[in-house]
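Please see the structure below; I have some questions.
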Amino acid sequence: MTAWAWAALALYVFWLLTAFGARAVIQRRRTGDSGFRGLSGAPGSVSWWAGVLFVIALLGAAAAPVAALTGLPALIGHVPAIHGVGAAVAALGIAYTLIAQQAMGASWRVGVDQRERTALVNDGPFARVRNPIFTAMAVTGVGLTLMVPNVVALAAIAALAVAVEVQVRVVEEPYLRTTHGSAYAAYEATAGRFVPGVGRKRNS
């Protein structure tokens, strides 16, 4: 498991540096703004907890391979095929994260500022899925968990799942409905929330 733990840690660090570090640098050079908005809502609010869970998920994803390297046992035996599939899934999720971020262009943000009005992106990876970056993050998390399937990895992926659901439903969708009105309503009716066809909103 040691080799897989090191591989998971390397993939995670690469994903973190490219999806957040490099992306922020590119965003600042192109727009003069890094795109980071931080936690939404007042401390203790539902939206604030979503941001906290994101942080926990990110820390947990790094802690899982570190824990494996220090002796925390896996929940399943050493099965190279499963770990290999995990590596492939994680690599796919990382690639899709970067592609979806690139497609957002100047509208890319980490967090939401209710005072801003960014362009509605509904083409490319966003044509059939409204939140492809979150989908890609989940795919990456699943892959990393398969590479290092311990309790820390499971806790991290669970935190990510809850954070994504709350962030999208409580923070981002209400903001986009208010900001883009009928354009976003039409988009909700045609594109799924996280996967094509699932989570479309029927217009009344």
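Out of curiosity, is V112 surrounded by 19 or more Cβ atoms within 10 Å (Cβ to Cβ), more than 13 Å from the chain's Cα centre (by Cα) and under 23 Å from R177 (Cβ atoms)?
Working: surrounded by 19 or more Cβ atoms within 10 Å (Cβ to Cβ): yes; more than 13 Å from the chain's Cα centre (by Cα): yes; under 23 Å from R177 (Cβ atoms): yes.
Here the answer is yes, as V112 does meet what is asked.
Considering only the range 88-98, state which residues are surrounded by fewer than 18 Cβ atoms within 10 Å (Cβ to Cβ) and either closer than 20 Å to R28 by Cβ or touching a Leu at 6+ places or on another chain (Cβ under 9 Å) (or both).
Keep residues of the range 88-98 that are surrounded by fewer than 18 Cβ atoms within 10 Å (Cβ to Cβ), which gives 88, 91-92, 95, 98.
Across the range 88-98, the qualifying residues are A91, L98.
Then there's this: Is there any pair linking a residue in the range 84-113 that is touching a residue at least 12 places away in the same chain (Cβ under 8 Å) and assigned to a loop (DSSP other than H, G, I, E, B) to one that is crowded, with 17+ Cβ neighbours inside 10 Å and among the small types (G, A, S), with Cβ under 6 Å and at least six apart or on different chains, and which?
Pairs found: W108/G35; R109/G35; G111/S40; V112/S40.
Conditions: (1) at pLDDT below 95; (2) loosely packed, with under 15 Cβ neighbours inside 10 Å. V13 meets all but one. Number of the miss?
Every condition holds for V13 apart from (1).
Then there is this: Within the range 25-60, take every residue that is free of Cβ contacts under 8 Å to residues at least 24 places away in the same chain and part of a loop (DSSP other than H, G, I, E, B) and give me the one that is surrounded by the most Cβ atoms within 10 Å (Cβ to Cβ).
S34
Hey, among A163, A183, A158, which residue is exposed (fewer than 15 other Cβ atoms within 10 Å of the Cβ), over 18 Å from L92 (Cα atoms) and not β-branched (V, I, T)? I'd like the intermediate steps shown before the answer.
Details: A163 fails: exposed (fewer than 15 other Cβ atoms within 10 Å of the Cβ); A158 fails: exposed (fewer than 15 other Cβ atoms within 10 Å of the Cβ).
One residue alone meets the criteria, A183.
A further question follows. Within the range 40-73, which residues are of a type in the set (A, V, I, L, M), farther than 14 Å from W4 by Cβ and under 19 Å from the mean Cα position of the chain (by Cα)? Give the derivation first.
First pass over the range 40-73, keeping only residues of a type in the set (A, V, I, L, M): 42, 46, 50, 52-53, 55-59, 61-64, 66-69, 72.
After this cut, where a residue has to be farther than 14 Å from W4 by Cβ as well, the list is 42, 46, 50, 52-53, 55-59, 61-63.
Within the range 40-73, V46, A50, V52, L53, V55, I56, A57, L58, L59, A61, A62, A63 meet the criteria.
The values are calculated or read from the model by the stated rules, or taken from the named source; none is laboratory data. It should be emphasised that the depicted structure is a prediction, and the values quoted were computed from it without experimental measurement. Note that we place each Cβ from the backbone using ideal geometry, even for glycine, and neighbour counts take in every protein chain shown.
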